[in-house]
Amino acid sequence: MRLVCPSCGAVHSAEAWRNDPAARNCLVRAAGLPGPVADQVLGYLALFRPSPQRGLQWGRTLRLLTDLEEQMRCGHIQQTHKVARPAGPHIWGQAMAKMIDQPPGKLPLKNHNYLRAIVYDLADEADRVMETARNRTERTGQFRTGSAVREATQISVAEMREMAERKRKQKLQKGAQ
């Protein structure tokens, strides 16, 4: 089977890529990324190519993928002197898509710092929206924590009446003293 690079037109057999350990590791890592990131990672890595005519070397690609995996594994993103924000794979994928659609002015990229800045902005906005919604539900009195919901569903009506009766008796005893 012959594979043709859509960017440079290079033609190689599939076996040639399979025999190169760095290429094999890159493809395995790219395939192992979460769905939203895996969809965008090849376009994102193209932003690191030295020039449109030259390809990215497999060794560098492997280092970039390894670094990207490590940053995503945390589950949050933090910029210097800013609060950490939760950042799942969907946010990383959105940031990569944004970079591919609107690449930075200075290419090739040297590191993931520009991506990290976009991920932080998206995560900050998503966290703000979630916090606003949570505050709104608290103000309306509809907010319940997970444990309160679980406790309310596990207690029967009879048990609730017994608890209310015990509290009433405790208040009467305190009032009598």
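The values are calculated or read from the model by the stated rules, or taken from the named source; none is laboratory data. The structure displayed is predicted, hence computed values, not measured ones. Because the Cβ atoms are built from the backbone with ideal geometry, glycine has one as well, and the counts that use them run over all protein chains shown. Please note that ligands, DNA and RNA were not included when accessible areas were found on the heavy atoms of the full protein model with its side chains. Shrake-Rupley method; radii C 1.70, N 1.55, O 1.52, S 1.80 Å.
Computed from Cα positions, the angle between helix 35-45 and the longest principal axis of the chain comes to roughly 40 degrees.
Considering only R60, R24, R139, the Gaussian network model of the chain with Cα springs below 10 Å gives its largest mean-square fluctuation to R139. Result for the chain in a Gaussian network model with C-alpha springs under 10 Å: among G75, G88, G141, the largest mean-square fluctuation is at G141. (1) 91, 36, 24; (2) 44, 42, 29; (3) 49, 32, 28: which one is Cα extents along the principal axes in Å as calculated from this entry? Label of the calculated value: (1). With angles folded into 0 to 90 degrees, how steeply does helix 113-139 sit against the dominant principal axis of the chain? Use alpha carbons for both and round to 10. Helix 113-139 sits roughly 20 degrees off the main axis of the chain. Given a 10 angstrom Cα cut-off, can you work out which residue in Q57, Q102, Q142 is the most mobile in a GNM of the chain? Result: Q142 has the largest fluctuation of those listed.
Measure nothing fancy, just the Cα-based angle from helix 58-73's long axis to the longest principal axis of the chain, in degrees from 0 to 90, nearest 10. The angle comes out at about 10 degrees.
Per residue, the chain exposes 70 Å² of accessible surface when a 1.4 Å probe is rolled over the protein heavy atoms with every protein chain present.
Spin-label model, D20 to S51: label points 7 Å out along the Cα-to-beta-carbon direction sit 1.9 nm apart.
When the chain is described by a simple charge dipole with +1 on each Lys and Arg Cβ and -1 on each Asp and Glu Cβ, the residue from A95, N111, A164 located farthest towards its positive end is A164.
Taking all Cα pairs closer than 8 Å and separated by 6 or more residues, the relative contact order of the stretch 1-139 comes to 23 percent.
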